[in-house]
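What follows is calculated from the coordinates using simple rules that are stated; it is not laboratory data. Model, not experiment: these values are computed from the prediction. Note that each Cβ is placed from the backbone with ideal geometry, even for glycine, and that neighbours are counted across all protein chains shown.
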Amino acid sequence: MEAAKKKIQEMSTIVKSDRDRGSLMAAFGIYTSMSKSKEGTMQSWDSERLARAAKTITSSQLADEFDIGYSDTLMKYSALTQSSRQREA
């Protein structure tokens, strides 16, 4: 977790685009949720709910590059958690 925190901090100094800022904000939210949980996971964040939320964000007519970056990161995290659950089963 400490390495993830350091990586997010390093990335915050180099992001230039709104899309990257959105991605970084999503990553920071994921990190924050994981650091507050007991097992270091986001058990309350169901991957299907994440995917639905991300699709809702991108389907909005008001979505901008920041929103798209945020949504993309949520989708990638959702896919990552789904594949890790499949390997465990």
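Sorting 26-33, 62-69, 8-15 by average packing, meaning the other beta carbons within 10 Å per residue, from highest down gives 26-33, 62-69, 8-15. Could you tell me which label, among [x] 6.2; [y] 8.5; [z] 9.7, carries the value of mean projected area of the Cα convex hull in nm² calculated for this structure? The calculated read-out lines up with [x]. Think of the chain as having a plus end and a minus end, set by charges on the Cβ of Lys, Arg, Asp and Glu; of 81, 13, 68, 81 sits farthest toward the positive end of this dipole. In this simple spin-label model, placing a label point 7 Å from the Cα along the Cα-to-Cβ direction at both residue 64 and residue 11 gives a separation of 2.1 nm.
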